[in-house]
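The values are calculated or read from the model by the stated rules, or taken from the named source; none is laboratory data. Treat the numbers as computed from the prediction; the structure is a model and nothing was measured. Heads up, the Cβs are rebuilt from the backbone with ideal geometry, glycines too, and the neighbour counts pull from every protein chain shown. With ligands, DNA and RNA removed, areas are computed over all heavy atoms of the protein, side chains included. Shrake-Rupley method; radii C 1.70, N 1.55, O 1.52, S 1.80 Å.
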Amino acid sequence: MEYEIFENEIVMLLIGVGVSIFIQGNRRRLKNLPASNILVTGFCMMLVSWILTVLEGFFWETYLNYLEHAFYAFGTILVAVWCWKVFGSGRETRKEAL
Amino acid sequence: MHAASVFDLIAIPASNVNQVEPSTGFKPVAFFDLITFVASIVTLIILLKGWKRDLQPKAKYVFLGFLVFTLSYGLFLFIEWAGITKALDRAEDIIGALVPMWWAFVFYAFLAGMVEEELRERESQFVELFDNAPIGYHELDTQGRITRVNRTELEMLGYTAEEMLGRPVWEFSADKKKSRDTVTSKLAGDIPPGRIFERTFRRKDGNTLPVLVGVRLLRGKAGNISGIRSTIQDITKRKKAEELLAEEHNLLRTLIDNMPDNIYVKDKESRFIVANIAVAHLMGAGTPESLIGKTDFDFYPRELSEKYYADGQKVMQTERPLVGQEEPAVDPEGHRKWFSTTKVPLRDSHGKIVGIVGISRDITARKLIETDREKLLQTLAFKNKELESILYVTSHDLRSPLVNIQGFSSELSRCCDLIHAALRDKIKASDISEEVETAFNKDVPEALEYILTSARKMDSLLSGLLRLSRLGQVAVEIERLDMNAILTDVTKNMEFQVKEAGATVKLETLPECLGDSSQINQIFSNILDNALKYLDETRPGVIHIYGKIENGRSVYCVEDNGVGIAPEHQNKIFEVFHRLEPDKKKGEGLGLTIVRRILDRHNGKIWVESEPGKGSKFYVSLPSA
């Protein structure tokens, strides 16, 4: 079995893990963000997709690749929803959050 | 990232030699990538609309970051569509690295914003606290000039911040010199910091403001004194309270010092902690202050001191006051004195007994008077007894010669009659027959009648006196009395006199009382007899007897509609031998005297309310049963 590891994927994953640690460390503060659950969930989906990117180099390349892109897409949708909730028209919490 | 492109779903050029996967059927990867791209575009639009309004700078950064991400992703898709797969790898690397970094930036930007917001909020809270603190606050530089002052202090002194800032603090003090000296000494490090002291400030309107100043030195990084930070607390109310307290203390002190009574406070060991001038004089201590901390043992004989000590300890232990106890004392000259003393336990704010408060009044004069009165009463009682004895003996012994007078007067009358009968014929024949006849028939009988009448009168008086004197010797047997039965008995016994007088007696239900049955019977017999005796002949006599309980005593009233008693006689009717109409009415004038005498022995009372021509009310008060 031939394993294929890409450095950039490892770097992405490491940065993603670093961000997740940062989020965990500042969980209490982040809760004050409006709709913080959506934003954090979006991030988590992307983090999963980065993990899957790395894993697909080892096994089930095709299926994991599908999943990777699917998570990425869902994560982006959640970011869009969060932006709409926070920066969308007439949101009162917007200024307070920023 | 081995992502295929959305363009794989459509026709891919045949010349594309680097195609990763054959373009046959549905390509999920391309589908998801398309969704990602569309979602990115939507997000950008939302952010762009927000930016047009009033987005904060950080949101703009987020927007820009996301713009880069979306454009990169679009480029990536384009490259993949164009079939430049080698370049794709590079682009993928760049985008792949950008995405998590963008996330990191987003979170950092928001958190930094939050921290900044928190700092701003804290600063705002601090400023709010500083300005609205319940105490004044200012800072001075090394020259003693005010560099910072809060709103509370400005309001206290009535100045604006502009009027205070930059001016030496002592300019606002009532005692400028003292304030300047203190501030400069502190800044020079001559006075240790941390002291709290009182100072008087002068307000803008000229009024003074007493304050409590707390001082803390400010030091630079090198440890040198860089200024002073002071807190100012308005103590006007406290000062007023202190003044009021001092006034009250002074008032109380003046009051207790000028009281003729001895006032003192002792602690649990019976040491004086407060004493007035009267106590100091009594104990020969000179001033009240010289008594403080001392005990009775330092001034009084041991026997007396032990008694006082025991009394005080008893009051503290039993927690019960000692009221009006009469106790002896000795003044500095050695004169024995008497005091009426009240001792009450003294409690602290927690209710714990910490001593006693004593007030004693000099009752020596009263005691002397009481002693004299006791002696007088004893003498009086002895004299009364002696008088009663004389009265008894006199009235008893006088009756014997009186009986002789009566007897021999009768004998003399009989002898005169015999002599007259024997000499009647000879007298008629003689020259002096008329004078002798007159003497025998008129003068001698008249003289003898006078003698006998007077003797009877005297006998009656002596009998009355004897009865009166015997009253003091008869034992009183106090019992619960049914007054209804007694008064029924009295009226029955006097039924004949009542009928003879043509009177009516109305007897109501009477309350019980305590007394001697026979003597109480005599009281009401005498009063009823009196009422019948002095009825008004012009109208039918009505005697009304009723009673009630009043203040623990049974009060009875015998009311008649007789002739009444003139006010000037009302106090005399109870005196011995006093009679209202001696010529018209029979009697010795002893009835009411006996009534009062009996009532005296029963702890009773009699009084009369009367109006001439309308009638009288005789009230008798006796202990209630």
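Panel values: the stretch B:142-249, Kirkwood radius from alpha carbon pairs, Stokes-Einstein at 25 °C and 0.890 mPa s, translational diffusion coefficient 166 µm²/s.
The Cβ shell under 9 Å around B:Ala278 holds other residues with a net charge of -3, Lys and Arg each +1, Asp and Glu each -1. Can you compute the label reach from B:Asn551? Point 7 Å from Cα along the Cβ direction, backbone N cut-off under 16 Å, restricted to the stretch B:591-623. Flagged as within label range: B:603-608, B:619-623. Loop-located trypsin sites (Lys or Arg not before Pro) in the stretch B:526-561 (DSSP state other than H, G, I, E, B) with a sparse environment of at most 10 neighbouring Cβ atoms within 10 Å are absent.
Note on the stretch B:420-482: Cα-only Rg and Dmax are 24.4, 78 Å. Averaged over the residues of peptide B:320-331, the number of Cβ atoms from other protein chains lying within 10 Å of each residue's Cβ is 0.
The heavy atoms of B:Leu64 offer some 80 square angstrom of accessible surface to a 1.4 angstrom probe.
Of the DSSP beta bridges with both residues in chain B, give the percent that are antiparallel, rounding to the nearest 5.
Values: 78 of 82 bridges.
In chain B, approximately 95 percent of DSSP beta bridges are antiparallel ones.
Accessible area per residue was computed with a 1.4 Å probe on protein heavy atoms; B:Arg229 scores about 80 Å². Mean residue ellipticity, 222 nm, helices only, chain B: the sum of -39500 (n - 2.57) across DSSP H runs of n ≥ 4, divided by residue count and rounded to 500, is -17500 deg cm²/dmol. Each of B:Ser226 and A:Phe59 was given a label point 7 Å from its Cα along the Cα-to-Cβ line. The distance between the two points is 6.5 nm.
Shown are B:Leu398, B:Leu129, whose ranking by accessible area with a 1.4 Å probe and every protein chain present, most to least, is B:Leu129, B:Leu398.
The largest-to-smallest principal axis extents of the Cα set in the stretch B:314-413 are 100, 35, 15 Å.
Binning all Cα-Cα separations of the stretch B:367-456 at 10 Å, short to long from zero, yields these whole-percent fractions: 14, 25, 17, 13, 11, 9, 6, 4, 1. All Cα-Cα distances of the stretch B:271-325, cut into 10 Å bins from zero to the largest, leave 23, 48, 28, 1 percent in each bin in turn. Greater than 24 Å separation of Cα atoms is the criterion. Which listed pairs, B:Lys177/B:Lys204; B:Lys294/B:Lys337; B:Lys385/B:Lys584, meet it? B:Lys385/B:Lys584, as the Cα separations exceed 24 Å there.
Evaluate 2.2 N^0.38 Å with N set to the residue count of the stretch B:121-162, then give the Cα radius of gyration divided by it. Spell out each step's value before the answer.
Numbers: Rg = 10.9 Å, N = 42, 2.2 N^0.38 = 9.1 Å.
Scaled against compact globular proteins, the figure is 1.20.
When the gyration tensor of the stretch B:548-624 is built from Cα positions, what are the square roots of 5 times its three eigenvalues, in whole Å, from largest to smallest?
For the stretch B:548-624, the ellipsoid semi-axes come out as 23, 16, 9 Å.
Can you give the direction-averaged projected area of the convex hull of the alpha-carbon atoms in the protein assembly as shown, in nm²?
Working: hull surface 320.8 nm².
Mean shadow area of the hull around the Cα atoms is 80.2 nm².
With everything on Cα atoms, drop me the angle between helix B:28-53 and the longest principal axis of chain B, reported from 0 to 90° to the nearest 10. Compared with the principal axis, the helix lies near 60 degrees. How far, in degrees from 0 to 90, does helix B:483-493 lean away from the longest principal axis of the Cα atoms of chain B, to the nearest 10? Taking Cα atoms only, the helix is inclined about 20 degrees. In this calculation the C-beta distance from B:Lys426 to B:Val393 is compared with R0 = 41 Å, giving a FRET efficiency of 0.25. The mean number of Cβ atoms from other chains found within 10 Å of a Cβ in peptide B:31-40 is 6, as a whole number. Treating r as the C-beta distance of B:Arg539 and B:Glu508 and R0 as 22 Å, the FRET efficiency rounds to 0.55. Pairs of alpha carbons in the stretch B:314-364 separated by more than 12 Å make up 65% of all such pairs.
Using only the Cα atoms of the stretch A:33-84, each taken as one equal point scatterer with no solvent, compute I(q) by the Debye sum, divide by I(0), and report log10 of the ratio at q = 0.20, 0.24, 0.29, 0.30 Å⁻¹. The Cα Debye sum returns log10 ratios of -0.62, -0.76, -0.96, -1.00. In the assembled protein chains, A:Met45 presents an accessible area of approximately 50 Å² (probe radius 1.4 Å).
Helix B:444-471 and the longest principal axis of the Cα set of chain B meet at an angle near 30°.
In the P(r) worked out for the stretch B:253-300, what percent of Cα pairs fall beyond 18 Å? It would help to have the intermediate numbers written out before the result.
On the way: 196 of 1128 pairs.
Of all Cα-Cα distances in the stretch B:253-300, 17 percent exceed 18 Å.
Rounded to whole Å, the principal axis extents of the Cα atoms in the stretch B:413-525 read 78, 37, 16, largest first.
Report, as a whole number in µm² per second, the diffusion coefficient that Stokes-Einstein gives for chain B at 20 °C and 1.002 mPa s using the Kirkwood radius over alpha carbon pairs. Before the final figure, lay out the partial values.
Working: Rh = 40.4 Å.
Reported coefficient: 53 µm²/s.
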